[in-house]
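Below: one structure, written as structure tokens.
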Amino acid sequence: PQAIVALQAALRGAPNDVHTWIKLGVAYRSSGKYIAALKVFDKALTIDPASWYAKFSIGDVQREIGLLEPALKAFRGIIDEQPTELGVRVVLAETALALGLDELKGGFLARAEESFIEALKETATIIDAGSATRIAWKVAGDTLTGLGKLPEPTLLDVSRPLAVRILAAAETHDVDAK
């Protein structure tokens with residue numbers, strides 16, 4: 001709360017300072033005021049439409065409050081603009097996995113399969129780039145587990161090669177050292 005008050009005071013003196021708007025959004029988010037955080041990050045985007053961090057922050061708050069589809073859209077947009085941004089790609093994969101698990105739980109099997117495949121594609125890209133972190137391997141494993149729970153997968157022609165690629169990479173990488 002003190003940070004929020006201080007940042008609001010700073011914005012009265014410099015209302016177009018994108019960095020201060022973003023810091024205020026982070027402060028709101030940290031204090032559990034998610035709607036206020038979204039509004040503030042959106043304000044930062046109106047000042048600087050190219051701010052990928054403001055876009056990421058919007059997606060991250062959406063993800064945190066369970067708005068997984070809008071969060072995925074935000075993360076995909078960032079990846080389109082910043083394809084080498086590893087952290088965003090990992091969060092995109094995590095979010096696709098979370099959506100797939102939610103869809104699986106709700107009985108939306110075709111949607112779940114598509115979400116799992118998106119998570120696999122993203123983790124395969126991370127792994128192929130040689131920059132896989134422990135979390136990327138975990139997302140890959142959890143996604144493969146989710147796919148295994150589907151009673152009758154219909155997109156095996158897409159998921160099987162991705163799974164084989166990830167498993168082959170696991171054999172050649174020291175996964176436990178990541």
Evaluation of ALA132 against (1) at pLDDT 95 or above; (2) in contact with a Ser or Thr (Cβ under 8 Å, 6 or more places away or on another chain) (one fails), failing number: (1)
Looking only at segment 101-117, and only at residues there that are free of Cβ contacts under 8 Å to residues at least 40 places away in the same chain and open to solvent by less than 70 Å² (accessible area, probe 1.4 Å), the one that is nearest to GLU85 (Cα to Cα): SER115
Restricting segment 121-168 to residues that are of a type outside the set (Ser, Thr, Tyr), assigned to a loop (DSSP other than H, G, I, E, B) and more than 17 Å from GLU85 (Cα to Cα), the residue that is least open to solvent (accessible area, probe 1.4 Å): LEU150
Residues that are acidic (Asp, Glu), under 23 Å from the mean Cα position of the chain (by Cα) and in a loop (DSSP other than H, G, I, E, B), drawn from segment 1-51: ASP48
Count of residues meeting criterion [more than 14 Å from ALA96 (Cα to Cα) and in contact with a Leu (Cβ under 7 Å, 6 or more places away or on another chain)] in segment 56-78: 2
Test set (1) closer than 26 Å to SER31 by Cα; (2) open to solvent by 40 Å² or more (accessible area, probe 1.4 Å); (3) of a type in the set (A, V, I, L, M, F, W, C); (4) in contact (Cβ under 8 Å) with a residue 12 or more places away in the chain - LEU67 fails condition number: (4)
Segment 132-157, residues that are over 22 Å from the mean Cα position of the chain (by Cα) and not small (Gly, Ala, Ser): LYS149, LEU150, PRO151, GLU152, PRO153, THR154, LEU155, LEU156, ASP157
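Yes or no, residue by residue, for (1) hydrophobic (A, V, I, L, M, F, W, C); (2) under 13 Å from the mean Cα position of the chain (by Cα); (3) within 26 Å of PRO15 (Cβ to Cβ):
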site: TYR53; (1), (2), (3): no, yes, yes
site: GLU69; (1), (2), (3): no, yes, no
site: ILE79; (1), (2), (3): yes, yes, no
site: PRO83; (1), (2), (3): no, no, no
Residue within segment 41-52 that is surrounded by fewer than 15 Cβ atoms within 10 Å (Cβ to Cβ), among the polar types (S, T, N, Q), out of contact with any Lys or Arg (no Cβ under 7 Å at 6 or more places or on another chain) and at pLDDT 95 or above present: yes
Flag if GLU171 is acidic (Asp, Glu) and crowded, with 20+ Cβ neighbours inside 10 Å: no
Residues of segment 72-95 that turn out to be open to solvent by 20 Å² or more (accessible area, probe 1.4 Å), under 14 Å from THR125 (Cβ atoms) and of a type in the set (Gly, Ala, Ser), as a count: 1
Residue within segment 129-149 that is in contact (Cβ under 8 Å) with a residue 40 or more places away in the chain and basic (Lys, Arg) present: yes
Single condition GLY87 does not satisfy, out of (1) modelled with pLDDT of 95 or more; (2) under 25 Å from LEU147 (Cα atoms): (1)
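The values are calculated or read from the model by the stated rules, or taken from the named source; none is laboratory data. Here the structure is a predicted model, which is why all the values come from computation and not from measurement. Cβ: placed from backbone, ideal geometry, glycine included. Neighbour counts: every protein chain shown. Just so you know, the surface numbers come from the protein's heavy atoms only, side chains and all, with ligands and any DNA or RNA stripped out. Shrake-Rupley method; radii C 1.70, N 1.55, O 1.52, S 1.80 Å.
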